[in-house]
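Heads up, the thing below is written out as structure tokens.
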Amino acid sequence: MSKRLEGKVIVITGAAMGLGQATAMEAAKEGAKLALVDLKEDALEQAKQELKAKYPDAEVLTVTADVSDEGAVKKYVDETVKAYGRIDGFYNNAGIEGKQALIPDYDVDMFKKVIDINLLGVYYGLRYVIPVMQKHNYGRIVNTASVGGIRGVINQVPYVASKHAVSGMTKNAALEFARSGIVTNAIAPGAILTPMVAGSFKQVNPEDPQKAEAEFAQGNPTKRLGKPEEVARVVVFLLSEDCSYVNGQTIAIDGGQSNTYGFV
Ligand SMILES: NC(=O)c1ccc[n+]([C@@H]2O[C@H](COP(=O)([O-])OP(=O)(O)OC[C@H]3O[C@@H](n4cnc5c(N)ncnc54)[C@H](O)[C@@H]3O)[C@@H](O)[C@H]2O)c1
């Protein structure tokens, strides 16, 4: 079978760990040329080394950037175009959870930080990547929303607000640029075992995060959490040519948990 991303230039933000790193691995397996972007320079370099160890022929550009800084977003897009000449796929993924608290107690500076990264960071990415894709009339964009982008999540008000916004921006991009051959979708992962989710269980139960994890898994129809590679395989489909008529959707990858009403 031919590789699904053979020769495609794919930009991934938040690529140093978690869902971004898993998707970089899966995309390399499928023949992509990669531009990996992250805030954390050392972790990004480490992710590149791990990828090259498994896929020595993969072309990998790394760019350290904060996605909430518009100038830095322009720079990672410019550097990608300089290196590869085009962008075919964009996994607009970097995001943070923020600190957990009820609405009246939520720290306003943290609220703004979550919005800056999760909402404006995704917007800046769209703002600079779409014109590059328009030049060659082709593009696949995948924004990372969350089940928190289709449901409420207690104690996570800016996260939920930002992820609903990501789902909304996805619909707009889908309407505005399909005529340029660019399809845009979002994913809504449930609880997937990444460093971010491990941190979340530490916030829920600092003494016994594993207990918090086990309790959360009980509420899932599959009785387990998801694995990053289970998300990565869906993202690779959404980044591939096969995804030509799915546009503007927010696709839950959550073992069915967002369908529950009551106990499972
Ligand atoms: N893991 C889950 O269960 C889950 C569920 C729903 C949504 N998500 C979303 O998926 C995305 C990835 O989450 P994850 O679980 O892999 O998180 P993670 O914390 O494990 O990895 C996120 C990566 O993004 C980078 N990053 C953070 N802020 C950045 C910034 N301002 N600029 C550039 N890079 C930045 C981090 O350095 C890190 O490498 C996020 O948008 C998150 O909200 C995750």
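The values are calculated or read from the model by the stated rules, or taken from the named source; none is laboratory data. Quick caveat, the model's predicted, so the values are computed rather than measured. When we count neighbours, we look across all protein chains shown, and the Cβ atoms used for this are built from the backbone with ideal geometry, even at glycine. Each accessible area value is taken on the protein alone, full model and side chains, heavy atoms only, with ligands, DNA and RNA left out. Shrake-Rupley method; radii C 1.70, N 1.55, O 1.52, S 1.80 Å.
If Asn220 passes every condition in (1) assigned by TED's automatic domain parsing to the domain that holds Ala28; (2) assigned to a loop (DSSP other than H, G, I, E, B); (3) at negative phi; (4) open to solvent by less than 30 Å² (accessible area, probe 1.4 Å) but one, which one does it miss?
(1)
Can you pull out every residue in region 69-125 that is open to solvent by 40 Å² or more (accessible area, probe 1.4 Å), among the small types (Gly, Ala, Ser) and under 19 Å from Gly7 (Cα atoms)?
Ala83, Gly85
On the basis of being open to solvent by 60 Å² or more (accessible area, probe 1.4 Å) and more than 13 Å from the ligand (Cβ to nearest atom), does Glu207 make the cut?
yes
How many residues are more than 14 Å from the ligand (Cβ to nearest atom), open to solvent by 30 Å² or more (accessible area, probe 1.4 Å) and not in a helix (DSSP H, G or I) when one looks only at region 9-56?
Count: 3.
Find all pairs meeting these conditions: Cβ atoms under 9 angstrom apart; at least six residues apart or on different chains; first residue within region 20-41 and assigned by TED's automatic domain parsing to the domain that holds Tyr84 and under 15 Å from Gly7 (Cα atoms); second residue at pLDDT below 95 and among the small types (Gly, Ala, Ser).
If the second residue must be at pLDDT below 95 and among the small types (Gly, Ala, Ser), the pairs left are Gly31/Ser2.
Out of Gly248, Gly152, report the one residue that is part of a loop (DSSP other than H, G, I, E, B), within 16 Å of the ligand (Cβ to nearest atom) and either open to solvent by less than 30 Å² (accessible area, probe 1.4 Å) or at pLDDT 95 or above (or both).
Gly152
Mind counting the residues in region 127-141 that are assigned to a loop (DSSP other than H, G, I, E, B) and in contact with a Lys or Arg (Cβ under 7 Å, 6 or more places away or on another chain)?
Residues that pass the stated criteria total 1.
Can you tell me which residue is nearest to the ligand (Cβ to nearest atom) among those in region 57-68 that are among the charged types (D, E, K, R) and either closer than 19 Å to Leu5 by Cα or touching a Cys at 6+ places or on another chain (Cβ under 8 Å) (or both)?
Here the answer is Glu59.
Among Ala198, Ala188, Ala212, which is touching a residue at least 60 places away in the same chain (Cβ under 8 Å), open to solvent by less than 50 Å² (accessible area, probe 1.4 Å) and within 15 Å of the ligand (Cβ to nearest atom)?
From the options Ala198, Ala188, Ala212, the qualifying one is Ala188.
Ala173 versus (1) closer than 26 Å to Tyr124 by Cα; (2) not assigned by TED's automatic domain parsing to the domain that holds Val129: which is the lone unmet condition?
(2)
Looking only at region 103-113, decide whether some residue is in contact with a strand residue (DSSP E or B) (Cβ under 8 Å, 6 or more places away or on another chain) and farther than 21 Å from Gly18 by Cα.
Scanning region 103-113, I find at least one residue that is in contact with a strand residue (DSSP E or B) (Cβ under 8 Å, 6 or more places away or on another chain) and farther than 21 Å from Gly18 by Cα, so the answer is yes.
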